[in-house]
Amino acid sequence: MLFNSYIFILAFLPICLAGFYLLRSRVPVAAKIWLISMSLWFYGYFNVNYLVIMLFSIGFNYVIFRILKATANSKRKAVFIAGIVINLAVLFYFKYFDFFIDNCNALLGTEMPLRNILLPLGISFFTFQQVGFLADTYRGEIKECAFVDYALFVSFFPQLIAGPIVNYDEMIPQFKAIGVKEFDFDRFLRGIYIFILGMGKKVLIADTFGGAVDFAYANLAYGINSTEALLAILFYTLQLYFDFSGYCDMAIGLGLLLGIDIPVNFNSPYKATNIIDFWKRWHITLSRFFTKNIYIPLGGNRKGNVRMYINLFIVFFLSGLWHGAGWNFILWGSMHGILYVLTRMYERIKTAKGKEKDGETFTRSKHNATAVLWRGISVLLTFVFVNIAWVFFRASGTGEAFKLLSEVFRGNWMLPGREFADYFNLSELWYLLKVLHLTSWDFSNYILMVLFLIFAVIITFFAPNVHEMADRTQYGISTAFFLAIILIWCVVSLSGVSTFLYFNF
């Protein structure tokens, strides 16, 4: 089931909220079980067979948790390793087995058949979340957890499929407090606000860019001009951000509707001044997971600079592999890893020479114009690199990625084709505005494409993000009218509903 679907908005969500609030103050445990049941319906709606995998994963990991709590210190490490290995083995089978067989065939000249295994939605997310739970248990950070709370921790539908990847201490105390805390109307309104704006980011912005991107990639083999290739790269960069951050915003909004705070996963990442800053802002909970469970156990920065740089690269290599079973994902992760390491080297050299660190230069500089210009250049260069790297993330393979990049440098600059621009006709918007008697204008799709791009760029680089807006908003009639327009536009656009990009990972 998708957040951006009629069945979710008109049936699932009202039923879920009604049942939860009827039960929470009377029988808190029943309210938790209700949320678990609704989450299983939400997940099983995609494919009932997925439920078996997720239920096995929940049961197995809870058993490992209980064994870890009951096992003597001398044997706990063996139990912990066994639990992690089995989790990763299940993930490997569903996500990487065909990739492994394909590469063995290419390397050894064999003809082992591929299994064409269907990847269960969200398996990367709920596997990592449970691996993190077991790691926290092994480190002694988790003392106790009832099965109902654990099952809800794993299955909680707002962040089940595509995160954020949450920790025990962020969620379990809130689940334990269900039925204890009073209903918070302001939090509920904030949830509506964030959910609707997140849906707008996905349905109205990401999907509009996505149509043109899909067209460019589908026609890459038949020839697209350099303008279309360049725009496809830029459009995908914007599509991916608005799609994934839109999902996470909707997840946070849904959590607030249920009285649960879910951590923020994005903080205006394209405003980053370098790649280190970018990874403090993009997919924050995944970066946190890798830092806590890979980088630090490998030694972090405690074993010298060379070891630190190796550890950092390993983290990004594994991050690329986690995102997908393909050499293009490995290359994407390696590109980020190399630039991240080089940036860390540069910062250490600069610090050793007694110069100011990044960020301090911009705030302390006596030459404000120069500082602003340098910051702008830094943001632009980081954004250009991220654009190029995303090509490997989007492409079906490294060959397709290099093909698209080569089209940009072919010098075949001309107006994008009419079919490319047609994805920006924004027919639902004009219909809505005309119904409300707010406009009678019509525009060329080319003009609409340019205006839409300018609008998206302004939001990305200059506007506050959704959570900053929520902090500043006074929930009155004007806000309600604004949200109603966004919601109606989204609902009108749901006839072209599309899945979230991170569902593929």
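Quick one: pull the percentage of alpha-carbon pairs in segment 180-244 with a separation above 12 Å. Display every interim value, and only then the final one.
On the way: 1485 of 2080 pairs.
Here the long-distance tail beyond 12 Å is 71 percent of all Cα pairs in segment 180-244.
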Worksheet item: When only Cα pairs under 8 Å and 6 or more residues apart are kept, what is the percent relative contact order across the chain?
Response: 18 percent
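Convex hull over the alpha-carbon atoms of the chain: what's its volume per residue in Å³? Working shown, then result.
On the way: hull volume 96.4 nm³, N = 505.
So the per-residue Cα hull volume is 191 Å³.
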Worksheet item: In Å and whole numbers, how far do the C-alpha atoms of segment 204-281 stretch along each principal axis, longest first?
Response: 51, 30, 16
Response to the item:
Check: in segment 26-181 the Lys pairs 8 or more apart or on separate chains whose Cα atoms fall under 17 Å apart number 6
Worksheet entry | Between segment 33-98 and segment 391-407, the alpha-carbon center distance in angstrom | 35 Å
Discussion item. With +1 assigned to the C-beta of every Lys and Arg and -1 to the C-beta of every Asp and Glu, and no other charges, what is the dipole magnitude of the chain about the Cα centre in debye, to the nearest 20?
Written reply: 1880 debye
Worksheet item: Which of the helices in the chain meet the span-like rule: DSSP H, Cα axial reach of 18 Å or more, Kyte-Doolittle mean at least 0.5?
Response: 28-44, 48-70, 73-108, 123-138, 185-200, 226-257, 305-323, 368-394, 445-461, 477-493
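Evaluated at 20 °C with a viscosity of 1.002 mPa s, what Stokes-Einstein diffusion coefficient in µm²/s does segment 26-181 have when Rh comes from the Kirkwood expression over alpha-carbon pairs? Intermediate results must be reported in sequence, preceding the final value.
Numbers: Rh = 17.0 Å.
This corresponds to a translational diffusion coefficient of 126 µm²/s.
Values in this text are rule-based calculations from the coordinates and carry no lab data. What you see is a predicted model, and the numbers here were worked out from it, not measured in a lab. No Cβ is skipped: glycine too gets one built from the backbone with ideal geometry, and neighbour counts run over all protein chains shown.
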